[in-house]
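Colleague: Below is a structure I'd like to ask you about.
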Amino acid sequence: METQTRRFKQNAREAMADGQLAQALTRLGEGFPLRRAEAIDRLPEFDQLRDAAKAIKDHTLAHLDLYLEQYESKVKEAGGHVHWCRTGQDAREKILEICRSVNAKTVTKSKSMIGEEIAINDFLEENGVAPIETDLGEYIIQLRKEPPSHIIAPAVHLNKGQVEDTFRKAHTNLDPARNLDDPKSLLEEARVELRDKFLNADVGLTGANFLIAETGTNVLVTNEGNADLTYSLPRVHIVIASLEKVIPTLEDTATVLRVLARSGTGQDITVYTTFCTGPKRPDDLDGPDEYHVILLDNGRTELVGTEFQEMLRCIRCGSCLNHCPVYHAIGGHAYGWVYSGPMGAVLIPGLIGIHEAGDLPNASTLCGKCETVCPMRIPLPKMLRAWRERQYQRKGNSAAARWALGLWAALAKRPKLYRAVTGPLMTALAILGRKRGRFKWLPLAGGWTGPRDLPAPQGDSFIAQYHKGPVGAVVRSKGQ
């Protein structure tokens, strides 16, 4: 997927003007968060599991080299091959080399957000190999030639009518008068279209939710079963995964799995959780003859040992996106790359540089909800502020933004001056807004008042009201 992070502001403005997108994102906010809350209510020890999962990933990252070497050794012991790739280009060329070694014409794909990261579909097509997405959402957006909008719900930005139109345009071999009025008919049509592609694929390309060091196993978590058909039917299975996906043991993996589905989709566990270890053994009835693992770095080792290392604990559950007010307003495409929401605003600058993605860390209210719901307790707001500091230090902000930040810092460092400036301002706004209780427009606040009203202040700053105490009682003497 081509990076368009520099267009973030323009993309965001276009997204906020899209009424259909706003309607789709409203449904997102009403679905996953509620189901997550219900799933957590059913598991009283959820927070203890979060702590345990965090400790597992912290330990793994502290010994990343040892566990990766152990994983490689176990994969080879099982008859597989491991290919270390520093860059996306290295990974693309290695995947194509494997495809050409078996004269592959088609590649079925599943669970491969990292495939979007390295733009493997475009690369394979340019070299005569047809990639076929098999997850329903990924299949839909591939037909529409769009990137994913969400890391676990790639077509969440579309409604049923748009999917129907897409299928009618793509499946021209079917009866034009067929009924596609309900979601079940759309699902059945996609299933029929994909069946032969599963059976005839030369290579299966999957991602991995986890890589288990003690067994050399990759773990696939899905709700549709398409990953199982992707890795088991073709003669060759390629796994592509980033380095931080490694987990020490099977028992550790079980712990992390217990927080993954509950956080992302509100399920106790996903419908399919599959463990794959090496190629088909002599007594196996099915499975691939060849098993390759692409271990991709693509900038992640540059984050190890830095203030952004904790981002490598991310297990791609999507919970931070599901609860983010900014994501709910603009969707995933606005971010301009494969990752979006709070996790994307932290990870993308780490992978491609703050000079390419300087606006993304500013796409946050810093409300802290993303950290509250993160199953791995990643301090996303802290890291967003760290990226903002780096952008300011390299003078990546506009002159107006730097001037405003400088003025704010000067006031914030001098409490008496701050209160002297803001106190009269709050009083004046309270008087001017007293009649309506809100403002439809204010100078320098057009970004806020464009889509919503600004509530009128009540006449006092927070500090002034704090000193007055409840119901106006004076709880502190003057000068305190």
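The values are calculated or read from the model by the stated rules, or taken from the named source; none is laboratory data. Treat the numbers as computed from the prediction; the structure is a model and nothing was measured. So basically every Cβ, Gly included, is an ideal-geometry build from the backbone, and we count neighbours across all protein chains shown. For accessibility, only protein heavy atoms count, side chains too; no ligands or nucleic acids. Shrake-Rupley method; radii C 1.70, N 1.55, O 1.52, S 1.80 Å.
Colleague: What does the extension gain come out to for residue 400 and residue 169, with contour length at 0.36 nm per residue minus their alpha carbon separation?
Modeller: Values: separation 231, 0.36 × 231 = 83.16 nm, distance 4.74 nm.
Using 0.36 nm per residue and subtracting the Cα-Cα distance, I get 78.4 nm.
Colleague: May I ask you to list the lysines whose Cα is less than 19 Å away from that of residue 416, ignoring any residue fewer than eight positions away on the same chain?
Modeller: Hits, sequence-local ones excluded: 468, 478.
Colleague: If packing is taken as the average number of other Cβ atoms within 10 Å across a peptide's residues, how do 424-432, 357-365, 104-112 rank, most packed first? List each step's numbers first, then the result.
Modeller: Numbers: 424-432: 13.8, 357-365: 21.1, 104-112: 23.3.
By packing density, highest mean first, the sequence is 104-112, 357-365, 424-432.
Colleague: While we're looking at this one, here's another question. I'd like the distance separating the alpha-carbon centroids of the stretch 321-374 and the stretch 66-140, in whole Å.
Modeller: 26
Colleague: Moving on. Mind running the shape call on the stretch 269-321? Use the C-alpha gyration tensor, a ≥ b ≥ c as the square roots of the eigenvalues: rounded below 1.5 for a/c, prolate if a/b tops b/c, oblate otherwise.
Modeller: Numbers: a/c = 4.33, a/b = 1.80, b/c = 2.41.
Judged from the Cα gyration tensor, the stretch 269-321 comes out oblate (a/c at least 1.5, b/c at or above a/b).
Colleague: Within the P(r) computed for the stretch 252-390, what percentage of the Cα pairs occupies the region above 25 Å?
Modeller: On the way: 3582 of 9591 pairs.
Beyond 25 Å sits 37 percent of the P(r) for the stretch 252-390.
Colleague: Continuing with the same structure: May I ask you to list the lysines whose Cα is less than 17 Å away from that of residue 160, ignoring any residue fewer than eight positions away on the same chain?
Modeller: Excluding near neighbours in sequence, the set is 169, 184.
Colleague: Now for a different question. May I ask what percent, to the nearest 5, of DSSP beta bridges between residues of the chain are antiparallel? It would help to have the intermediate numbers written out before the result.
Modeller: Values: 10 of 36 bridges.
Bridges in the chain are about 30 percent antiparallel.
Colleague: Contour minus end-to-end for residue 7 and residue 45, with contour as 0.36 nm per residue of separation and end-to-end as the Cα-Cα distance? Before the final figure, lay out each step's value.
Modeller: Working: separation 38, 0.36 × 38 = 13.68 nm, distance 4.28 nm.
9.4 nm is the gain from fully extending residue 7 to residue 45.
Colleague: What is the list of residues in the stretch 240-259 whose amide nitrogen lies under 14 Å from a point 7 angstrom out from the Cα of residue 59, following Cα to Cβ?
Modeller: The answer is 247-256, whose backbone nitrogens lie closer than 14 Å to the label point.
Colleague: Which value results when the Cα radius of gyration for the chain is divided by 2.2 N^0.38 Å? Walk me through the intermediate numbers first.
Modeller: Working: Rg = 25.4 Å, N = 480, 2.2 N^0.38 = 23.0 Å.
Taking N as the residue count of the chain, the ratio is 1.10.
Colleague: Per the Debye formula with a single identical scatterer at each Cα and no solvent contribution, what log10 I(q)/I(0) holds for the stretch 39-85 at q = 0.20, 0.22, 0.25, 0.31 Å⁻¹?
Modeller: -0.73, -0.78, -0.86, -1.04
Colleague: Follow-up question, since we're still on this one. Over the residues of the stretch 329-473, compute the C-alpha Rg and express it relative to 2.2 N^0.38 Å.
Modeller: Numbers: Rg = 18.6 Å, N = 145, 2.2 N^0.38 = 14.6 Å.
Scaled against compact globular proteins, the figure is 1.27.
Colleague: Now, a different point. Let me know the shape class of the stretch 136-260, please: from the alpha-carbon gyration tensor, a ≥ b ≥ c as square roots of the eigenvalues, rounded when a/c is under 1.5, otherwise prolate if a/b is greater than b/c, or oblate.
Modeller: Numbers: a/c = 2.71, a/b = 1.90, b/c = 1.43.
Cα axes put the stretch 136-260 in the prolate bin.
Colleague: What is the spread of the Cα atoms of the stretch 193-251 along each of their three principal axes, largest first, in whole Å?
Modeller: 38, 22, 17
Colleague: Please compute the alpha carbon radius of gyration of the stretch 85-153, then divide it by the globular-protein estimate 2.2 N^0.38 Å. Two decimals is fine. If you can, show how the numbers build up before the last one.
Modeller: Details: Rg = 12.0 Å, N = 69, 2.2 N^0.38 = 11.0 Å.
Compared with the compact-globule rule of thumb, the stretch 85-153 sits at 1.09.
Colleague: By a straight-distance test (C-alpha under 19 Å), which lysines pair with residue 74 as possible cross-link partners, with residues fewer than eight away in the same chain excluded?
Modeller: 245, 280
Colleague: Expressed as a whole percentage, what fraction of the accessible surface of the chain belongs to carbon and sulfur atoms when a 1.4 Å probe is rolled over the protein heavy atoms? Don't jump to the answer; show the numbers that get you there.
Modeller: Working: 12630 of 23530 Å².
Taking all protein chains in place, the chain shows 54 percent carbon and sulfur surface.
Colleague: Here's something else I'd like to know. Show the residues, 5+ positions off or on another chain, whose built amide H is closer than 5 Å to the amide H of residue 130.
Modeller: HN-HN under 5 Å from residue 130: 106, 107.
Colleague: Let me ask another. In Å and on Cα atoms, what radius of gyration and Dmax does the stretch 30-185 show?
Modeller: When restricted to the Cα atoms of the stretch 30-185, Rg and Dmax are 20.7, 59 Å.
Colleague: Calculate, for the stretch 165-261, the solvent-accessible area per residue in square angstrom, rolling a 1.4 angstrom probe over the heavy atoms of the protein chains. Kindly include the intermediate steps, with their values, before the conclusion.
Modeller: Values: 3840 Å² over 97 residues.
Heavy-atom accessible area per residue stands at 40 Å².
Colleague: Using alpha carbons only, how many degrees (0 to 90, rounded to 10) separate the axis of helix 380-393 from the longest principal axis of the chain?
Modeller: 70
Colleague: Same structure, new question: Which length gain, in nm to one decimal place, applies between residue 355 and residue 441 when the Cα-Cα distance is subtracted from 0.36 nm times their residue separation?
Modeller: The span from residue 355 to residue 441 would gain 27.6 nm if fully extended.
Colleague: Here is a follow-up. Per Stokes-Einstein, at 4 °C and 1.567 mPa s, what whole-number D in µm² s⁻¹ belongs to the stretch 327-385, with the Kirkwood radius over Cα pairs as the hydrodynamic radius? Each step should come with its number before you reach the end.
Modeller: Numbers: Rh = 11.5 Å.
Answer, rounded: 112 µm²/s.
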